[in-house]
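In what follows, a structure is listed as structure tokens, so that the remarks can point back to it.
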Amino acid sequence: MTTTDTEVSPGVVETWTRVVRRRWAAGLVVFVLVTGLAAALVFLSRPIWRAEAALRLGAPPALGGMPLGGGNTSSPLGLFSLFQTMTGDPFANELELLQSRTVVEGVVQENALNVALVAPRGWYRDSLFARLAASRETGKATYEATWLPSGAVRVRRLSPSERVVGDFAPGRDAAFGGIVVAFKEWRAGAPRVVKLKTYPFGDAVRRQGPRIRAERKRREANLVRIAYDDPDPALAQAVVASASTRYLALRTALQRRESGETVDSLRTVVEHTKAELARAETGLEGFQRASRLVDPQAQSEAFVKRQAEIATGLGKARAELAAVDEVIRRVEGVPDPAAAWAGLVAHPTFLENETLGGLLENLTHLEQQRIELAGRRTEADRQLQALDKQIAYLDGSLRSLVREYRAGIAEQVAQLEAQWREMDSALARAPAAAIELGRRQRDLRLLSEVYLFTDQRLRQEALKTAVSFSTVQMVDAPEVLFKPVWPRKKLGLAVGLMLAVAFGALAMALGERADRSVRSAGELRRLVDAPVLAALAPGADGRLALSAAERRALLQRAAAAGRGLVLAPLGEAAVAAEGVAHALVEAPAPEPVPARMADGAAGLPAVSPRLPVEVAPAVHRFAAAAELAEAGDAGAAVVLVARQGVTRREEAARAAALLREAGAVVAGAVLVCPSARALGDAWS
């Protein structure tokens, strides 16, 4: 095999192949141990039995929110509850209730799960005890029960302190340490001695809670399976039955209490709402009486119509008053009554008044008579004076009637103005009164709806209290499965083999990682910083076999130095160095070859087999390195010899460092392998 300094990184398969060749023994030991442990665990472990029961839960809880107006719409609270139901688990509370501490405590106390039986394989509680019960005051202790030849059962406490509890007759209750036991009579094949371990009640609840499992195949499914695993099949079935019974009892009690509290709360709300409704009705009635507002729309229309009529009448009255004032002003400014009252003839009011019309007609007639008499008679004429008196009387009467008429018109204007002001003030208050009336009516309507729906809900809850609460149905009664769930032999062995292979590979990898010895020529070259001139392995006769190329490389190094070859063993490689020396000296002399064929010795002369070969002491201290340095100064080539799998890497690096520190030149290195197969790994 020729020497080379070129390194090729091996692949993963090749690397693991080398590791397996070197560390197969450690991997095999670990594989056998893990496989044996897995087989023992599978075949020697106690079988675990599983008991199951199936419960069908009722419908999901009703959506929150109250219908409004009797329609199909719901309040925002109902929509939020609908969102929660669609996105969450509608039966999450039921499952939490099934695994609540109250249920677990009842199961532990009913089945004495704070007591553990230690007995030979195949012997359970029902085969040894007629009764086994425990209380909440049970402490941590260990008891030993021994069936004596006399038939009695001796109980002895082992921990926390050792003492004899007493002898008890089979079939009778024996109370000790917070537990009550009724032993069965011993029969052939039964164990003579068993142990009972008791635990605090709280510790047993904490341990047993996770073991009672509630499982569903789908999130929205309402079929729940209750499962419990235990080495005792009868105990597993009893635990499942007890968990189902306790859950049903707790759920019924909670529903009844919740329904009763709901009924009481609803009844309080109904009474409070009823009182508020009565107060609202009374307040609305008082407000309507005070504001005289019954129908805002109809009253507003009539009010506006009436106000318009008053406004029209007020305008007419004011116009009439102005006309009368004008007549009075004209009358008072004209001294002649006939001329003064002549304008009244065209006034429609006076024309329509019969009294005024008659007086005006008489006055006009008298005035005509006076005019006729005035042309023929003097002022002293009695007839003419009589006409003047009549005219004056009629003038006074007309003036009195006109003033009274004006006073009546003025009073009418004042009344209409007062009515206008009153209606205007009422009209200004009308919007606020209408809003207040609408608010009171709205409050009354809302209180009526709340009262109606609350009373309806109260009646529903009362009816619900009267009927059964059993919305949970037992689909599958508690039953033990037909075969144990553990150990699963095929699966256990398969997993054990996989773990054995994994741990075996890990052991080989760790062994390879922990090995600090020199394993390859490339590794040795890096440690000593010199070329590896040869890698040797013992032949069939037990001696090291040196190829012609390797012998030529060593001799060329010696020829380059000029005075021979010095082999310096590393650590425990002294015997290997002697073997290399014998193989080098006893090998047949090769034909001289050009110097360029030698490894790293370009320009050297042809090889001579007559150069001396010496074996130096192992390089452990600086003194030995100094001696080798002197040999190198004298012209000898220093070659380090290492044993594969024996020479440690630290020793090789330290020896090379000591030689260089002492001034020696390391011409190369030789790796001695224990076998031909290892020789192949050294160069690969």
Fill in: Residue among GLU276, GLU258, GLU285, GLU281 that is over 19 Å from ARG442 (Cβ atoms) and acidic (Asp, Glu)
GLU258
Worksheet entry | Set ALA323, ALA392, ALA386, ALA319: member being modelled with pLDDT of 75 or more and either touching a Pro at 6+ places or on another chain (Cβ under 8 Å) or among the acidic types (Asp, Glu) (or both) | ALA392
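A quick yes/no check of all residues on (1) among the small types (Gly, Ala, Ser); (2) closer than 30 Å to LEU584 by Cα; (3) free of Cβ contacts under 8 Å to residues at least 60 places away in the same chain:
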site: VAL495; (1), (2), (3): no, no, no
site: ALA502; (1), (2), (3): yes, no, yes
site: VAL518; (1), (2), (3): no, yes, no
site: ALA535; (1), (2), (3): yes, yes, no
site: PRO538; (1), (2), (3): no, yes, no
Worksheet entry | Residue satisfying all of: in the range 157-176; out of contact with any Lys or Arg (no Cβ under 7 Å at 6 or more places or on another chain) and buried (at least 16 other Cβ atoms within 10 Å of the Cβ); farthest from ASN111 (Cα to Cα) among these | PHE168
Fill in: Of all residues in the range 263-298 being of a type in the set (A, V, I, L, M, F, W, C) and in contact with an Asp or Glu (Cβ under 9 Å, 6 or more places away or on another chain), the one that is modelled with the lowest pLDDT
LEU293
Worksheet item: Of (1) at pLDDT below 95; (2) surrounded by 17 or more Cβ atoms within 10 Å (Cβ to Cβ), TYR143 satisfies all except one. Which?
Response: (1)
Discussion item. For the range 406-448, which positions are of a type outside the set (A, V, I, L, M, F, W, C) and open to solvent by less than 60 Å² (accessible area, probe 1.4 Å)?
Written reply: GLY408, GLU417, SER425, GLU436, GLY438, ASP443, SER448
Worksheet item: Taking the range 636-663 only, how many residues are outside any strand (DSSP E or B) and open to solvent by less than 10 Å² (accessible area, probe 1.4 Å)?
Response: 5
Discussion item. What pairs come out if I take residues in the range 297-318 that are in a helix (DSSP H, G or I) and pair them with residues that are basic (Lys, Arg) whose C-beta lies under 9 Å away, six or more apart or interchain?
Written reply: GLN299/ARG292
Discussion item. List pairs: first residue in the range 275-294 and part of a helix (DSSP H, G or I), second residue among the aromatic types (Phe, Trp, Tyr) and surrounded by 15 or more Cβ atoms within 10 Å (Cβ to Cβ) anywhere in the structure, Cβ distance under 8 angstrom, at least six positions apart or on different chains.
Written reply: LEU277/TYR451
Discussion item. I'm trying to understand the selection: among the residues of the range 273-306, which are of a type in the set (S, T, N, Q), more than 22 Å from ARG421 (Cα to Cα) and open to solvent by less than 80 Å² (accessible area, probe 1.4 Å)?
Written reply: THR273, GLN288
Worksheet, complete the sentence: Counting only residues that are in a loop (DSSP other than H, G, I, E, B) and modelled with pLDDT of 80 or more, the range 572-600 contains a total of 2
Item to complete: Go through the range 664-684 residue by residue and tally those that are out of contact with any Pro (no Cβ under 9 Å at 6 or more places or on another chain) and part of a helix (DSSP H, G or I).
Response: 7
Worksheet, complete the sentence: Restricting the range 244-272 to residues that are over 22 Å from THR454 (Cα atoms) and charged (D, E, K, R), the one most open to solvent (accessible area, probe 1.4 Å) turns out to be ARG246
Worksheet item: Taking helices (runs of 4 or more DSSP H) that do not extend beyond the range 30-119, which have at least 2 residues that are modelled with pLDDT of 70 or more and either open to solvent by 30 Å² or more (accessible area, probe 1.4 Å) or in contact with a helix residue (DSSP H, G or I) (Cβ under 8 Å, 6 or more places away or on another chain) (or both)?
Response: 92-98, 101-111
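The values are calculated or read from the model by the stated rules, or taken from the named source; none is laboratory data. Please read all numbers here as calculations on a predicted model, not as lab measurements. Quick reminder, even Gly has a Cβ in these numbers, built from the backbone with ideal geometry, and neighbours come from all protein chains shown. For the accessible areas, the whole protein counts, side chains as well, though only heavy atoms, and no ligand, DNA or RNA atoms are used. Shrake-Rupley method; radii C 1.70, N 1.55, O 1.52, S 1.80 Å.
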